[in-house]
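The values are calculated or read from the model by the stated rules, or taken from the named source; none is laboratory data. Please read these numbers as outputs of a predicted model, since none were measured by experiment. We place every Cβ from the backbone using ideal geometry, glycine too, and count neighbours over all the protein chains shown. Each accessible area value is taken on the protein alone, full model and side chains, heavy atoms only, with ligands, DNA and RNA left out. Shrake-Rupley method; radii C 1.70, N 1.55, O 1.52, S 1.80 Å.
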Amino acid sequence: TENYQVASGDGPTHGSDGPLNVSLATDDCGEQFLQVARAFDPARAQAPSDADTNDLSTINVYTNRWINGKTGVRSDVPHHLIYPLKETRPNLHISTGIHVKHVIFDEDNRATGVAFTFNPLFHPDGPTETRTVRGTKLVVLCAGSFGTPGILERSGIGGKAILEGVGVKQRVDLPGVGENYHDHNILFVPYFSADEAETLDAIFRNDKSAVEAANAEFEKTGKGLMADTGLGAGIKWRPDESELAAFGPEFKKVWDDHFANAPDKAVMWFGVLSALVGDPTLVPPRKYFTLGGYTEYPLARGHVHITHGENVSAPVDFVPGYLESMADVKTLTWAYKFTREIARRMPYFRGEPAAVHPAFAPGSAAATVPHAEGPVAFDTPRIEYSEEDERALEAYARATMSTTWHALGTCAMKPRQRGGVLDPRLNVYGVRGLKVADLSVGPANVGSNTYSTALVIGEKAAVIIAEELGIKGVV
């Protein structure tokens, strides 16, 4: 799927002739972040500027973006894969604004189609009755980590207690359906930025003149703020021994079990966004930059289940499991402290908006600095946090921790006896002719933005399906 445009070439983990373009993300704020981070941590600063943080082994380097570096146009699946096919494949039919109710099976437990209704939010004058689409060879569900488990459960595939509770007759006992929810846990921490910084804040606030100027520049040159993600740089990061001690004893077993013997496995991702990421009603309208830090492999596990056997619009029973482990809490609070030291040394630093930072006690050495003329001196000692400050940090993490929208795992591809839902060829256990091909299939977390992961699952699913249907030329 990929056309990797970064100067270092495609390498073994990238493509160079696919429809989706990948370019190196760069902007002033990102450059400042990386310069400070590298100087702050010279032992990790050996990678070249175009090193690939997604080569499955390198850590502590730049990140990339799904944008064509030549035209500034975002690379997405609809515009580069689906719409072109729609023009050349008359047998491709796309219906939007649809609720899939359940899968239809024959007497041999083979999937033969799906039942669906039109979503009245998108089709207020549309049909209200349930309709069906039939499939003579295969049904493939791609409704994501929240949608696919619900379709399976309404089809009678899932845990007995869940199905009995909503009045659905069980077809297959698969208690793993809807379980094993994974996500990355992130803190977005904003800082005041200098007036001369280029940020997306005015566009986010829908400032008419800013939007018009950005649109004009984009249409003329393919560059500017409309050709920017706002995410100028990121680092996959792994602690050294001294930093590991600062994580506290809660993280020690996690390190020993999951990271100590995996030197290419990052613990966290850090990055900078050239804008406020957070509630704009809490802070004044101006320019910001935001430092984000998320746990690549948190312990948090949750679930998502239906609460009604027929009503597809009923709220789901969603328990994310976020921050139930103190190891996850300590990882995020350490990330706040570490990225704060980088932020206050960046040339654009102009202070810390107290409303979106921890509520440190008056007089604390960690108290926020609401106004600054510029960054602190590089050799300024790191802030020391008291026990009271640590409690404030924990409360802050619990109040402001966010999803990264990287949900996966709820229809995991793993052995059935271990809670799996799918076999290695994406077949749902216990029935025939039914596959799942979306992020819900991931059995465990990935150290990545999951957009790429979803594309890989789609590619592999296409190969598997082509093999089974005897379609040649798909590799």
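Listed by first and then second residue, the pairs with beta-carbon distance under 7 Å, at least 6 apart or on different chains, first residue in region 141-155 and among the hydrophobic types (A, V, I, L, M, F, W, C), second part of a helix (DSSP H, G or I) and crowded, with 19+ Cβ neighbours inside 10 Å, are L141/T148; L141/I151; A143/I151.
Considering each of G447, G433, G419 in turn, give the residue that is under 25 Å from the mean Cα position of the chain (by Cα) and at pLDDT 95 or above. I'd like the intermediate steps shown before the answer.
Numbers: G447 fails: at pLDDT 95 or above; G433 fails: under 25 Å from the mean Cα position of the chain (by Cα).
Step by step, each of G447, G433, G419 is checked, and only G419 is under 25 Å from the mean Cα position of the chain (by Cα) and at pLDDT 95 or above.
Look through region 66-124, keep the residues that are within 25 Å of Y451 (Cα to Cα) and of a type in the set (S, T, N, Q), and return whichever of them is least open to solvent (accessible area, probe 1.4 Å). Going through the qualifying residues, I end up with S75. Within the bounds of region 346-358, is there any residue that is among the β-branched types (V, I, T), without any contact (Cβ under 8 Å) to a residue 24 or more places away in the chain and within 28 Å of K287 (Cβ to Cβ)? No: region 346-358 contains no residue that is among the β-branched types (V, I, T), without any contact (Cβ under 8 Å) to a residue 24 or more places away in the chain and within 28 Å of K287 (Cβ to Cβ).
Please work out if F192 is within 30 Å of R398 (Cβ to Cβ) and among the aromatic types (F, W, Y). Answer is yes for this residue.
Among the residues of region 402-419, those that are surrounded by 20 or more Cβ atoms within 10 Å (Cβ to Cβ) and in a loop (DSSP other than H, G, I, E, B) comprise H406, A407, G409, T410, C411, A412. Could you look through region 432-466, keep only residues that are hydroxyl-bearing (S, T, Y) and not in a loop (DSSP other than H, G, I, E, B), and pick out the one that is surrounded by the fewest Cβ atoms within 10 Å (Cβ to Cβ)? Of everything passing the filter in region 432-466, Y451 is surrounded by the fewest Cβ atoms within 10 Å (Cβ to Cβ). Look at (1) at pLDDT below 70; (2) farther than 30 Å from R382 by Cα; (3) not polar (S, T, N, Q) and you find that E2 fails only one, number (1). Condition test on N206, is it open to solvent by 70 Å² or more (accessible area, probe 1.4 Å), under 30 Å from R74 (Cβ atoms) and among the polar types (S, T, N, Q)? Yes; evaluated as a whole, the condition is true for this residue. Of all residues in region 238-277, those being buried (at least 23 other Cβ atoms within 10 Å of the Cβ) and over 17 Å from the mean Cα position of the chain (by Cα) number 4. Scan region 131-143 for residues that are open to solvent by 70 Å² or more (accessible area, probe 1.4 Å) and under 27 Å from N180 (Cβ atoms) and jot them down. Of everything in region 131-143, just one residue is open to solvent by 70 Å² or more (accessible area, probe 1.4 Å) and under 27 Å from N180 (Cβ atoms), namely C142. Per this entry, K220 is not counted among residues that are outside any strand (DSSP E or B), among the basic types (K, R) and touching a helix residue (DSSP H, G or I) at 6+ places or on another chain (Cβ under 9 Å).
Consider region 278-302 and keep the residues that are over 27 Å from T199 (Cβ atoms) and in contact with a Ser or Thr (Cβ under 8 Å, 6 or more places away or on another chain). The one that is surrounded by the most Cβ atoms within 10 Å (Cβ to Cβ) is P298.
Scan region 223-251 for residues that are in a strand (DSSP E or B) and over 18 Å from T290 (Cβ atoms) and jot them down.
Kept after step one, since they are in a strand (DSSP E or B), are these residues of region 223-251: 231-237.
Passing the criteria: only K236.
The set of residues from region 165-174 being farther than 24 Å from A300 by Cα, in contact (Cβ under 8 Å) with a residue 24 or more places away in the chain and in a loop (DSSP other than H, G, I, E, B) comprises V166, G167, V168, R171.
May I ask you to verify whether T281 is free of Cβ contacts under 8 Å to residues at least 24 places away in the same chain and closer than 29 Å to I203 by Cα? Break it down into steps so the answer makes sense when it comes.
Values: free of Cβ contacts under 8 Å to residues at least 24 places away in the same chain: yes; closer than 29 Å to I203 by Cα: yes.
For T281, the condition - free of Cβ contacts under 8 Å to residues at least 24 places away in the same chain and closer than 29 Å to I203 by Cα - is met.
Do we find that F378 is at pLDDT 95 or above, of a type in the set (F, W, Y), assigned to a loop (DSSP other than H, G, I, E, B) and farther than 30 Å from E467 by Cβ in this structure? Taking the combined requirement at face value, the residue does not satisfy it.
Matching residues to (1) out of contact with any Pro (no Cβ under 8 Å at 6 or more places or on another chain); (2) surrounded by 21 or more Cβ atoms within 10 Å (Cβ to Cβ); (3) not in a helix (DSSP H, G or I):
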{"position": "E129", "(1), (2), (3)": "yes, no, yes"}
{"position": "S145", "(1), (2), (3)": "yes, yes, no"}
{"position": "L152", "(1), (2), (3)": "yes, yes, no"}
{"position": "L163", "(1), (2), (3)": "yes, yes, no"}
{"position": "G176", "(1), (2), (3)": "yes, yes, yes"}
{"position": "E179", "(1), (2), (3)": "yes, yes, yes"}
{"position": "I186", "(1), (2), (3)": "yes, yes, yes"}
{"position": "P190", "(1), (2), (3)": "no, yes, yes"}
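So Y429 ticks every box in (1) aromatic (F, W, Y); (2) open to solvent by 40 Å² or more (accessible area, probe 1.4 Å); (3) more than 25 Å from T112 (Cα to Cα) but one. Which box is left unticked? Looking at each condition in turn, Y429 falls short on (3). Among the residues of region 303-325, those that are out of contact with any Gly (no Cβ under 8 Å at 6 or more places or on another chain), of a type outside the set (D, E, K, R), open to solvent by 40 Å² or more (accessible area, probe 1.4 Å) and touching a residue at least 24 places away in the same chain (Cβ under 8 Å) comprise T307, H308, S313. Each residue in region 92-111 was checked for being over 27 Å from the mean Cα position of the chain (by Cα), within 25 Å of I82 (Cβ to Cβ) and touching a residue at least 60 places away in the same chain (Cβ under 8 Å), and 2 pass.
Name the strands (runs of 3 or more DSSP E) wholly inside region 252-325 in which the number of residues that are closer than 18 Å to V177 by Cβ is 3 or more. Filter on region 252-325 gives 303-305, 317-319.
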